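Take a look at the structure below.
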Amino acid sequence: MDLIKNIAVPVTRKRAAAKPKAAGRPTPPVDNHVGGMAGAGRRPAPTMLAQPKHRFRIGERLQMNGGGRSWARAEAVCRVTALMPHERGPLLYRVRSEMESFERVVAEDDLTTLS
C-alpha cells in the first residue's frame, strides 16, 4: 500500500508589532475651551479640487470635427445625448450624428457650436 504524502502548508499569521512611542517629543495640549485657541496647530481639512464643467448641454446641436485616417469620423452635425463623468483628461460627451445610426464618445475639443 502506497502512502500519500501531505504537502499542505499550515497557515501562520504574524502578529503586528507594537509601535514604539516616540520619546523626547511631548504631544501639545489641546485646549477645548470656548475662548481658547481650539484647533490651534491642526491642519485644515483637505478641500475637494474643483471639477471642470462641461461647456455644452444635453440636447444641444453641435458641429463635430472630422478625424484623420486613424479615426473613422466624418465632420457632421450632432446632438449631445449624455455628459460623460470626468475622470482625467479632456471632458467627454456622448453624441449622435445626424448622418450615423450610432452614438460616439467625443472630446470637448472636437466639438464646436453651430454658427
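The numbers here are math on the coordinates, done by the rules we state, and not lab data. Computed from a predicted structure; not experimentally measured. Cβ sites come from the backbone with ideal geometry, for glycine too, and all protein chains shown count toward neighbours.
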Pull out the extension gain between residue 99 and residue 53, defined as 0.36 nm times the separation in residues minus the alpha carbon to alpha carbon distance; nm, one decimal.
13.8 nm
One finds, for residue 13 and residue 88 with R0 = 30 angstrom and r their Cβ-Cβ distance, a FRET efficiency to the nearest 0.05 of 0.20
